[in-house]
Amino acid sequence: MKATKFFLLCMITLALTACSKEENKRFSNADGPFVRFFLLVNNNNEALEFPEINGGLQPVSVFDKTDIKILKIPVALTYEALSENITVNFESTSSINMSNFNISPNNLSFTPERLIDTIYVGFNERWNPNANTELNFRLTNVSDQNIQIGMPNNDASNETLLVTLGEVNPTYLFETPNQQEIIGTNGEVINFSVLFPKGYLPSELENFNLIEAINSDFNYTLERLPLTNTSTIDYKLTLNEAITIDELEFSAQFKLADLSGYTLSGSSTYSIKKPIVIDRDLSVFTANNFYDLSDPFYRTFGENWIDNSDDGVCEWRSFNAFTFPVVVTADNPNAVLYDDMGNSDSSDDIYHHAFRIGFVSPNDGNTTNSFNLKRWFNNEASNSSNSPGFNIPQALEFFPTNGNSSSDGFVKVIEQDLSISSLEGASYVISISGSGTYTEIATGIFEIQLELNTFNLELFGGTRTVYYHIYNTNEYEELEPISESCFAPIDL
C-alpha cells in the first residue's frame, strides 16, 4: 500500500474514533422515525463537522466541495424511542473513474446513545475542476423497516446528496501568533504548526522540506511530527543547549518555502525567542488590572486617532476589545499562580503572565476589535478562520517603573505578524510593534498611552503609526484633539 493511501486510511480511522466520543444529538420525530443526510454548510461554503451545529442552517442536498480536506458527511437518525442498534446502507457513485479516493465506512450504524453517524470521503489526488466531477450518495435500506429513508416532506427529504468537486485553491501559512518564547533550558520543547485552511494532499508534501531556517542564535533540532490530519502540519523544536545570559535576546527565525500548487496566504515567517529577562516584582501583577475572568463580558476600552468618516477630519474614535490573561508554564520567570484546581497536584496548575495581556473573542470562530483594527478597513472578513489577526492572544507587556511600581511604567506592543483578509479572500499580513506608558490616573483606573506601528507595503505604503488611549474601564474623560495626522478606512 502506498504511504499516501496509508495516511488517508489512518486519518479516517482517527476520525471514526473521535466520532464515537462526540455528544449525541436527537431530533423530534412526530411524523415517525426517519434517517437522512444532515450536511450543514456555512456562508463560507465550509461543511460543518458534527457536533458543530448551526440552528439557522438547513441540511443541503447539493454541496460544491472547494477544498481538499476529508469531507465528513453526517447522517442523522430521528427516532426518539430507539431501543436497539440499527444499520443503514448507502451507495456512492462517481461521474468519472477516480480511483484514488476512499469512502468509509461501508455502512452506517446507530444506537440509542448515538443517533448520528458519519461518512468520510478522503482524496489522494487532485481533480480536474473542468471535468464536472460529481459524487452521488444515496441511502438505500435500513435494518428496521419501520424507519423511513428521507425526511417525510416534499421539499427536502435529504435521502440523496450530490457532491460536486469544484476548483480548489489551497493556501498555507504559519499559525497566529507567528512566534513563541522559550525559557532557555536545555531540552526545552516548542511545538508550532503550518496551517492549511483548505487542506493538503500528503502525496504532495511527503518528501518536501516545507520550513527553511533563516538564522539562529542557539542550537536546536527541528522535527516534523507525524501527519495526523489534512489541515495542519506540526513541528517540534528542541533546544540543544542552555541559554544562561539574561541580558541578551536569543532567537531563531524560519520561513515557509515556496510550495507548488499552494498559495502563501498569511504569515510566511516564524520566530522562537528567548527574551531579555528584566527584574520585575511579581507581586505587582500589573496585567491583573486589565482583565476580570469572573465577568465574561469584560473588555478594555479605548480611543484611537482616525478619520473614521472619511471626510478629512481626524477625531478620537472609541472602541473596546475582550481582554484576557496570557497563560504560561510554571517555569516562566513571570508566572503567577492563578488556579491550583483545588488539589495538591501541581501538574494541572494554571499560571498567568504577571505583565502581559491579550485581546481575544470569548466565542469560538469570532474575533474581537483589537486596537480598533476592524475600523481601519471596509469589507474585512471578521471570522477567526479568515482573519485570525483580529485576535491578538499576546498583545501588550508592562514594565513597572523601577520594576516594582504598582501605578505606572512602560508598555510595549509584542512584535508579531497579524493575518487578515477581505470578504473575497484577499489576504494581508500586518506586522505590529510599538510602545508607550501606563499610569493609574485614579484609584483602580489605568490609562495606557500608546503609539502602534503597523507595517504593510500594499495597504499602508510602509509603516503607519497610530495613536491610542486605552483604559481598563469605560468611565474616562473625553480626550482633547491632537495635531497629529490620521488616516481613513481602507477598502480591502
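Any read-out appearing in this document is the output of simple, stated calculations on the displayed coordinates, not a laboratory observation. Note that the coordinates shown come from a computational prediction; the quantities given were computed from them, not determined experimentally. Note that each Cβ is placed from the backbone with ideal geometry, even for glycine, and that neighbours are counted across all protein chains shown.
Structural remarks
- Amide H contacts under 5 Å for Phe38, placed H, 5+ residues apart: Val75, Ala76
- For the stretch 183-190, putting each phi into the Karplus relation 6.51 cos²θ - 1.76 cosθ + 1.60 with θ = phi - 60° gives couplings of 7, x, 8, 4, x, 4, 10, 10 Hz, in residue order, rounded to whole numbers and with x for Gly and Pro.
- Footprinting exposure proxy ranking of Phe208, Phe196, Phe410, fewest other C-beta atoms within 10 angstrom first, gives Phe208, Phe410, Phe196.
- Karplus-derived HN-Hα couplings along the stretch 447-453 (A = 6.51, B = -1.76, C = 1.60, θ = phi - 60°), whole Hz, x at Gly and Pro: 10, 9, 10, 9, 10, 9, 9
- Packing rank of 273-286, 388-401, 160-173, where each peptide gets the mean count of other beta carbons within 10 Å, highest leading: 388-401, 160-173, 273-286
- For a label point 7 Å along the Cα-to-beta-carbon line of Thr221, residues of the stretch 174-205 with backbone N under 11 Å: 187
- Unsatisfied cross-links (Cα-Cα over 25 Å) in the set Lys273/Lys412; Lys274/Lys374; Lys69/Lys236: Lys274/Lys374
- Estimated 222 nm signal from helices in the chain, with DSSP H stretches of n ≥ 4 weighted -39500 (n - 2.57), rounded to 500: -1500 deg cm²/dmol
- Where the alpha-carbon atoms of the chain are placed on the principal axes, they occupy 77, 54, 51 Å, in descending order.
- Across the chain, Cα pairs under 8 Å and at least six residues apart give a relative contact order of 11 percent.
- Cα-Cα separations in the stretch 282-491 greater than 24 Å, expressed as whole percent: 43 percent
- Panel order for Thr93, Thr238, Thr300, by other beta carbons found within 10 Å of each beta carbon, from fewest to most: Thr93, Thr238, Thr300.
- Ranking of Val41, Val411 by count of other Cβ atoms within 10 Å, fewest first: Val41, Val411
- Backbone phi angles across the stretch 235-245, fed through the Karplus curve with coefficients 6.51, -1.76 and 1.60 (θ = phi - 60°), yield HN-Hα couplings of 10, 10, 9, 10, 6, 9, 7, 8, 9, 10, 8 Hz in residue order; Gly and Pro are listed as x.
- When only Cα pairs below 8 angstrom with a gap of at least 6 residues are kept, the stretch 81-134 shows a relative contact order of 41 percent.
- Tilt relative to the chain, helix 3-19 - C-alpha long axis, 0 to 90 degrees, to 10: 90 degrees
- The stretch 62-216: projected area of the alpha-carbon convex hull, averaged over directions, in nm²: 14.8 nm²
- Kirkwood Rh in Å, taken over the stretch 171-274 so that all alpha-carbon pairs contribute: 14.4 Å
- Close amide H partners of Phe487, meaning residues 5 or more places away or on another chain with modelled amide H under 5 Å apart, are Asp307.
- Length-normalised contact order for the stretch 171-274 - Cα pairs under 8 Å, 6+ apart - percent: 42 percent
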